[in-house]
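Working notes for the structure below.
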Amino acid sequence: MLKELETLSNDVIGCFENSISALVNKDHILAEKVASNIAKVIEDEKELMYGMRESKNSTAIKFILEDIRRTAEYSSDIIEVVINETIQNIITEK
């Protein structure tokens, strides 16, 4: 479980960093890639949350998973800003 939490945590940190990079660079292509990664992180978080057994550490693990999900959602919000700010460029490119 610890290894899965570490992997998921690293994945969500990567999503967050890439969402900030997409925002700073106004890169809608990177934003779309990050959005896909965010969806995977959220799905993996749900699987871990629902597949977990009750134990003395389960409450702490659930808090960690909730923080991971929240970070993914914040990243998603940033990606939405990138898309909204660059939509005119996307439309005029086509």
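The values are calculated or read from the model by the stated rules, or taken from the named source; none is laboratory data. Keep in mind the model is a prediction, meaning the values are calculated, not measured. Note: ideal-geometry Cβ built from the backbone for every residue, glycine included; neighbour counts use all protein chains shown.
Below is a table of values for the structure above.
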read-out: Failed item, numbered, when L5 is tested on (1) surrounded by 12 or more Cβ atoms within 10 Å (Cβ to Cβ); (2) at pLDDT below 90; value: (2)
read-out: Candidate set: region 38-72, residues that are farther than 16 Å from E6 by Cα and among the polar types (S, T, N, Q); chosen: the one modelled with the highest pLDDT; value: T59
read-out: Filtered residues of region 60-81 (kept if within 14 Å of L8 (Cα to Cα) and either touching an Asp or Glu at 6+ places or on another chain (Cβ under 8 Å) or of a type in the set (A, V, I, L, M) (or both)); value: I61, I64, L65, I68, R69, A72
read-out: Failed item in (1) part of a helix (DSSP H, G or I); (2) out of contact with any Asp or Glu (no Cβ under 7 Å at 6 or more places or on another chain), with V41 passing the rest; value: (2)
read-out: Some residue of region 41-59 being of a type in the set (A, V, I, L, M), exposed (fewer than 12 other Cβ atoms within 10 Å of the Cβ) and either touching a His at 6+ places or on another chain (Cβ under 9 Å) or within 14 Å of S9 (Cβ to Cβ) (or both); value: no
